[in-house]
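Engineer: Can you read through this structure? Questions will come right after.
The values are calculated or read from the model by the stated rules, or taken from the named source; none is laboratory data. Note that this is a predicted model, so its numbers are computed, not measured. Using ideal geometry, Cβ is built from the backbone for each residue, glycine included, and neighbour counts are taken over all protein chains shown. Each accessible area value is taken on the protein alone, full model and side chains, heavy atoms only, with ligands, DNA and RNA left out. Shrake-Rupley method; radii C 1.70, N 1.55, O 1.52, S 1.80 Å.
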Amino acid sequence: MSGNSLYARDSAVNSGLQKLRFFPQEVVRGQGCRVYDPEGRGYLDLSASWGATSLGYAHPDFVARVHEALLGQAGASMLSSAVLPATALAEKLLEITPGGEDRRVWLGHSGSDANEAVARALPVATGRHRVLSFAGAYHGGTQGSMAVSAHPVQSHAARDCGLVAVPYPDPYRPFEGDPTGAALLAHIEALLEGDCPGDEVSAFFIEPIQSDGGLLIPPPGFLKRLGEICARYGILTVCDEVKVGLGRTGKLHAFQFEDWTPDITVFGKGLGGGLPLSAVVGPSALLDCATAFAMQTTHGNPISASAGLAVLDIIERDGLAENAATSGAKLLSALREKLAGNPAVGDIRGRGLVLGIELVGEDKAPAPALTRAAVYRAWELGVVAYYVGAGSNVIELTPPLILTGAQAEAGAAILAEAIADACAGRVDEALTAPFAGW
Ligand SMILES: Cc1ncc(COP(=O)(O)O)c(/C=N/[C@@H]2CCCCNC2=O)c1O
């Protein structure tokens, strides 16, 4: 990087508090599924900015709808006025989100502030002080959302005093050797009858696929049975669809694979199409439990709300959930074919366009150095992908929902080449060392 390169300038002025870097990526514009560096080189973005750009970049219809909202800017906040796009978005979210009667919608800027709003309201609305979550869970980067998370990167954060974290069901590394999840459910039930009395628990925060914790997909029926256990104790279920929701898995909601309907559903990332937007859909008893208790000045602003309406309309109009299913299946099968027989590839898993490639050493030991080298090499070859996981060894793929089958094939080929180069030691560690990743 030259001294006045964009990356050098970023290093000189942008705070490290908000950096999670894997290679010296520079972006000056995006189009479709590609981002472009200052030299005009295009990269196939298989992350979509950690899942935020669900429609890809500069989608023409999205641009037009946001531009129209800007031209007639209907204020900048729903705090002290009813704002048409914010109300219309809330009505649309209630229409498309399964759930009980008498519900409301809270609108925010991020998955973090949405989960924080829920966490803040729960003790007020329920009188219960305990919260359940899964080990490895990432529900946000604000104080209140970190308090109900349990991701290793946040080990220094203050946890909610009533938080109990239990293992997430992972068929590749099954709890007590039981890939069905039955042993884990029994463990949770024992907890609710013992050290964590169920009648003191307000809610269970649940990712329907645990992404930052390692792209873990629960065994069939697990979430349905967990929901039944929670219902027996009056424990509300909070389904965090921020990263894997809104069509990404091939269904509109990831929880729809589970024949399960959560009490509360949290949206973010892709809802805004790259603009800051989140939402909570849940009971009025929770979301109306206090006045002015979870608000920020530009919550419900008409630009973000119009962006959300455009995203939902385009996902529906263009069948992007179905596209995620077909392109995701192609990506999954191409990866499995190209990586077959590589002992460093412990598991390749996914649902629609949310996939993970777990890299391991002997006896499934996580291989973080290999993973770091593989994503760096993929970037050199023209693919953007990052890694996740408690062992920093799972390459996460969450491309734009518009990804074509041809792009899926091309992306799989580059990822396979990158992993092969990393396995062969052809990636200079001096290049990857400056990138802490997580
Ligand atoms: C399931 C789930 N719930 C909430 C969040 C927080 O969303 P925001 O980062 O938009 O506040 C996230 C955010 N995930 C992180 C964001 C930081 C960088 C690492 N990768 C993520 O996707 C999430 O995955």
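Engineer: Could you please find all residues in the stretch 72-118 being within 16 Å of the ligand (Cβ to nearest atom) and of a type in the set (A, V, I, L, M)?
Structural biologist: Answer for the stretch 72-118, where residues must be within 16 Å of the ligand (Cβ to nearest atom) and of a type in the set (A, V, I, L, M): 107, 114, 117, 118.
Engineer: Out of curiosity, is residue 150 in contact with a strand residue (DSSP E or B) (Cβ under 7 Å, 6 or more places away or on another chain), surrounded by 20 or more Cβ atoms within 10 Å (Cβ to Cβ) and over 16 Å from residue 299 (Cβ atoms)?
Structural biologist: Yes: the conditions hold for residue 150.
Engineer: Quick one: what pairs do we get from the stretch 1-24, first residue at pLDDT below 95, second hydroxyl-bearing (Ser, Thr, Tyr), C-beta under 9 Å, 6+ apart or different chains?
Structural biologist: Pairs found: 1/7; 1/11.
Engineer: Among all residue pairs at least 6 apart or on different chains, which show Cβ distances below 7 Å where the first residue, located in the stretch 115-126, is in contact (Cβ under 8 Å) with a residue 24 or more places away in the chain and in the same structural domain as residue 148 (by the TED database) and the second is of a type in the set (Ser, Thr, Tyr) and assigned to a helix (DSSP H, G or I)?
Structural biologist: 115/145; 116/145; 119/145
Engineer: A further question on this structure: Quick one: which helices (runs of 4 or more DSSP H) sit completely within the stretch 357-438 and have at least 3 residues that are of a type outside the set (A, V, I, L, M, F, W, C), at pLDDT 95 or above and within 16 Å of the ligand (Cβ to nearest atom)?
Structural biologist: 368-381
Engineer: Could you go through the stretch 232-240 and let me know if any residue there is within 12 Å of the ligand (Cβ to nearest atom), on the phi < 0 side of the Ramachandran plot, of a type in the set (D, E, K, R) and assigned to a loop (DSSP other than H, G, I, E, B). Explain how you work it out, then say what you get.
Structural biologist: Keep residues of the stretch 232-240 that are within 12 Å of the ligand (Cβ to nearest atom), which gives 238-240.
Keeping just the survivors that are on the phi < 0 side of the Ramachandran plot gives 238-240.
Within this subset, residues satisfying the condition of being of a type in the set (D, E, K, R) are 240.
Now drop any that are not assigned to a loop (DSSP other than H, G, I, E, B), which leaves none.
No: zero hits.
Engineer: Okay, next question. Has the stretch 153-169 got at least one residue that is within 16 Å of the ligand (Cβ to nearest atom) and assigned to a helix (DSSP H, G or I)?
Structural biologist: There is at least one residue in the stretch 153-169 that is within 16 Å of the ligand (Cβ to nearest atom) and assigned to a helix (DSSP H, G or I).
Engineer: Now, a different point. Tell me, which residue of the stretch 259-269 that is within 24 Å of residue 350 (Cβ to Cβ) and open to solvent by less than 10 Å² (accessible area, probe 1.4 Å) is farthest from the ligand (Cβ to nearest atom)?
Structural biologist: The residue in question is 262.
Engineer: Name the single residue that is nearest to residue 63 (Cα to Cα) among those in the stretch 270-318 being of a type in the set (Ser, Thr, Tyr), crowded, with 24+ Cβ neighbours inside 10 Å and within 16 Å of the ligand (Cβ to nearest atom).
Structural biologist: Within the stretch 270-318, the match that is nearest to residue 63 (Cα to Cα) is 304.
Engineer: Looking at the stretch 348-368, which of the residues that are charged (D, E, K, R) and in contact with a helix residue (DSSP H, G or I) (Cβ under 9 Å, 6 or more places away or on another chain) is surrounded by the most Cβ atoms within 10 Å (Cβ to Cβ)?
Structural biologist: Applying the first criterion (charged (D, E, K, R)) to the stretch 348-368 yields 349, 351, 358, 362-364.
Within this subset, residues satisfying the condition of being in contact with a helix residue (DSSP H, G or I) (Cβ under 9 Å, 6 or more places away or on another chain) are 349, 351, 358.
On the way: 349: 21, 351: 22, 358: 26.
Restricting to residues being charged (D, E, K, R) and in contact with a helix residue (DSSP H, G or I) (Cβ under 9 Å, 6 or more places away or on another chain), the top hit is 358.
Engineer: Hey, among the residues in the stretch 94-118 that are surrounded by fewer than 21 Cβ atoms within 10 Å (Cβ to Cβ) and in a helix (DSSP H, G or I), which one's nearest to the chain's Cα centre (by Cα)?
Structural biologist: 96
Engineer: Among what's in the stretch 129-147 and is over 18 Å from residue 294 (Cβ atoms) and in contact with a strand residue (DSSP E or B) (Cβ under 7 Å, 6 or more places away or on another chain), pick the residue that is nearest to the ligand (Cβ to nearest atom).
Structural biologist: Per the stated criteria, the residue is 137.
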